[in-house]
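Input: a single structure, listed below in structure tokens.
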Amino acid sequence: MTYPEMTRWERVVGHGQQLGSFDAVFSPRGADGRPLPVMDPLTGAISPKVAEAWKPYDIRLVLQTNWATLGPKLRGKIHVLMGDTDTFYLTRATELLRDFLVTTDFGGYVEIVPGDHGTAITPALRNRIEAEMAAQFAAFQRTRAPSREPDRKP
């Protein structure tokens, strides 16, 4: 399904679908209480007012604007993987995030791998992700302060 087809389909089936969920989360409400659309579903015209309201949710923009404060807190904690054929065209946004972060000492990675929602996570990539998560958990367990509560028996 193409983006225009999906937009038209959502118009027919009504509120609560994928594209509409973005408006519901990020957009201000109109006079009728419904989220204002960031784009006209028929023409594709972007609403500058609504797009401006989405800016606080732009992770790259928030990080770039507040890096002096956020950078030290997030060092080593940003790990992003995405497919290069993202269904919702987020590849460019991820490239912008990557391009900003490589100018810092963020200590993580932003990688764009071949594939889409269903094919980007290969068995090898899944194993890598699981190994990274296990290593982080083990590191946390080693540095965690011992509990002050006595062991409880069932």
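A few points about this structure:
- Computed label-point distance, nm, for sites Leu81 and Val113 using a 7 Å Cα→Cβ extension: 0.3
- Compared with the direct C-alpha span, the chain from Ala134 to Phe22 gains 37.1 nm at full extension, assuming 0.36 nm per residue.
- For Thr87, nonlocal amide neighbours, meaning residues 5 or more places apart or on other chains whose placed amide H falls under 5 Å from its own, are His117.
- Take every Cα pair under 8 Å whose residues are at least 6 apart in sequence, average their separation, divide by the length of the chain, and the relative contact order is 15 percent.
- In the range 3-54, Cα pairs under 8 Å separated by at least six residues give a relative contact order of 30 percent.
- From helices alone, the chain scores -14500 deg cm²/dmol at 222 nm; the rule is -39500 (n - 2.57) for each run of n ≥ 4 DSSP H residues, then divide by the residue total.
- Among Thr119, Thr2, sorting on how many other beta-carbon atoms sit within 10 Å of each Cβ, with the fewest leading, yields Thr2, Thr119.
- Cβ-based exposure ranking for Val80, Val110, in which fewest neighbours within 10 Å come first: Val80, Val110
- With N the number of residues in the range 58-143, Rg(Cα) / (2.2 N^0.38 Å) evaluates to 1.20.
- Site pair Arg29 and Thr91 shows an inter-label distance of 3.8 nm when each label is modelled 7 Å from Cα along Cα→Cβ.
- Each residue of the range 31-44 was assigned a 3J(HN,Hα) from its phi angle through the Karplus curve 6.51 cos²θ - 1.76 cosθ + 1.60 (θ = phi - 60°); the sequence is 4, 8, x, 7, x, 6, x, 6, 9, 5, x, 8, 9, x Hz, with glycine and proline shown as x.
- Taken over the range 3-54, the convex hull of the Cα atoms encloses 77 Å³ per residue.
- Matching label, Rg and Dmax of the Cα atoms in Å computed from the structure shown, candidates (1) 15.9, 50; (2) 15.3, 47; (3) 20.5, 65: (3)
Every number here is computed from the coordinates shown, using simple stated rules; none is lab data. Computed from a predicted structure; not experimentally measured. Heads up, the Cβs are rebuilt from the backbone with ideal geometry, glycines too, and the neighbour counts pull from every protein chain shown.
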